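Have a look at the structure that comes next, please.
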Amino acid sequence: MIGPFLTLIGAALTVLAALGVLRFPDVLARMHALAKASTLGYLLVCVGAAIDLTTANDRTTALLAAALQLLTVPVGANLIGRAAHLAD
């Protein structure tokens with residue numbers, strides 16, 4: 001019961017991140033919405049999927065994907081934000 005709930009919350013956060021990218025006026029605000037909400041949404045989807053999966057190999061793959069996303073997206077967002085700041 002908790003797996004589908006986490007997946008639903010993660011999907012909602014990802015949709016909100018997409019709306020933030022469309023609605024916010026400048027690059028830094030868009031990047032913030034994309035980096036924060038979509039990372040948390042993806043993390044919740046992966047954890048929800050890992051709860052519902054049956055084999056240990058599938059669970060570790062989902063959790064590894066979540067960990068890699070958690071490690072790489074903030075670094076990429078920081079680099080994009082720095083490049084946008086320096087370009088102004």
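The values are calculated or read from the model by the stated rules, or taken from the named source; none is laboratory data. The model shown is predicted, which means the values in this text are computed figures rather than measured ones. Neighbour counts are summed over all protein chains in view; Cβ atoms, including those assigned to glycine, are modelled from backbone coordinates with ideal geometry. Calculation scope for accessible area: heavy atoms of the full protein, side chains included, ligands and nucleic acids excluded. Shrake-Rupley method; radii C 1.70, N 1.55, O 1.52, S 1.80 Å.
If I ignore ligands, DNA and RNA and count only protein heavy atoms, how much of Leu70 is accessible to a 1.4 Å probe, in Å² to the nearest 10?
90 Å²
Roughly how many debye, to the nearest 20, is the charge dipole of the chain about its Cα centre, given +1 on each Lys and Arg Cβ, -1 on each Asp and Glu Cβ, and no other charges?
Magnitude of the dipole: close to 120 debye.
Further, regarding this structure: Which order do Phe24, Phe5 take when ranked by solvent-accessible area (1.4 Å probe, heavy atoms of all protein chains), largest first?
Phe5, Phe24
Further question: Quick check: pseudo-label points 7 Å beyond the Cα along Cα→Cβ at Leu8 and Leu28, how many nm apart are they?
Once both label points are built, they end up 3.8 nm from each other.
Could you point to the residue in Thr39, Ala56, Leu6 farthest towards the positive end of the chain's charge dipole, with +1 and -1 charges on the Cβ of Lys/Arg and Asp/Glu respectively?
With unit charges placed on the Cβ atoms, the residue in question is Thr39.
Could I ask something else about it? May I ask you to compute the full-extension gain from Leu68 to Ala84, defined as 0.36 nm times their residue separation minus their alpha-carbon distance, rounded to one decimal in nm?
Contour length minus Cα-Cα distance gives 3.3 nm.
In vacuo Debye scattering of the chain, one point per C-alpha: log10 I(q)/I(0) at q = 0.19, 0.23, 0.26 Å⁻¹?
-0.83, -1.03, -1.17
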